[in-house]
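One structure below.
The values are calculated or read from the model by the stated rules, or taken from the named source; none is laboratory data. Remember, predicted model here, so these are calculated numbers, not experimental data. Neighbour counts are summed over all protein chains in view; Cβ atoms, including those assigned to glycine, are modelled from backbone coordinates with ideal geometry. Side chains are part of the model used for accessible areas, which takes the heavy atoms of the whole protein and leaves out ligands, DNA and RNA. Shrake-Rupley method; radii C 1.70, N 1.55, O 1.52, S 1.80 Å.
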Amino acid sequence: QVQLVEHGGGLVQPGGSLRLSCAASGNILRFDAVGWYRQAIGKQRELVAAISRADSTNYADSVKGRFTISRDNAKNTVYLQMNSLNFEDTAVYYCNAVEPLWPSGSRINYWGQGTQVTVSA
């Protein structure tokens with residue numbers, strides 16, 4: 001059973017920084033991609049950033065230039081460095097990993113438990 005354990009959420013002032021981590025059980029390269037999603041109160045869950053097995057990355061327009069996703073293969077961990085945080089970044093952040101299933105070619109999604117990020121003065 002895959003487990004994704006998140007750490008790093010908290011309370012930060014506008015303009016501040018936080019780094020989230022997502023530690024996977026087992027080899028993190030088993031996943032096609034690992035990403036971060038967030039869900040604010042009253043809003044749908046949205047993709048924030050993702051990194052593929054081949055190290056390609058993509059970001060939501062709202063976080064480009066402020067957030068950076070990275071992976072440490074030796075630690076089986078993905079990080080989300082968040083800088084210049086603003087009120088709109090307040091949400092629960094979830095780690096997501098997509099694993100391909102062979103030989104069917106289908107994929108399975110795993111989710112972490114979520115970590116709260118609150119940007120407040």
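Note down, for segment 53-112, the three equivalent ellipsoid semi-axes (square root of 5 times each alpha carbon gyration tensor eigenvalue), biggest first, whole angstrom.
26, 14, 12
Treat every Asp and Glu Cβ in the chain as -1 and every Lys and Arg Cβ as +1, leave all other atoms uncharged, and give the resulting dipole magnitude about the Cα centre to the nearest 20 debye.
So the dipole magnitude of the chain works out to roughly 80 debye.
For segment 3-26 and segment 74-94, compute the distance between their C-alpha centroids and round to whole Å.
One Cα centre to the other: 5 Å.
At 1.4 Å probe size, put Asp61, Asp89 in order of accessible surface, largest to smallest.
Asp61, Asp89
Of all accessible surface on the chain at a 1.4 Å probe, what whole percent is carbon and sulfur?
Summing carbon and sulfur atoms, their accessible area is 50 percent of the total for the chain.
What are the residues whose amide H is under 5 Å from the amide H of Phe31, where those residues sit 5 or more places off or on another chain and H is modelled from the backbone?
none
Which whole-Hz ³J(HN,Hα) couplings does segment 33-38 yield from phi under the Karplus relation 6.51 cos²θ - 1.76 cosθ + 1.60, θ = phi - 60°, glycine and proline marked x?
My calculation for segment 33-38 gives 7, 10, x, 10, 10, 9 Hz in order.
Suppose accessible area is computed on protein heavy atoms with a 1.4 Å probe; arrange Tyr37, Tyr110 from highest to lowest.
From most accessible down to least: Tyr37, Tyr110.
Computed from the mean reciprocal separation of all distinct C-alpha pairs, what Kirkwood hydrodynamic radius does the chain have, in Å?
Computed over Cα pairs of the chain, the Kirkwood hydrodynamic radius comes out at 14.5 Å.
Using only alpha carbon pairs under 8 Å that are at least six residues apart, calculate the relative contact order of segment 40-121 and give it in whole percent.
21
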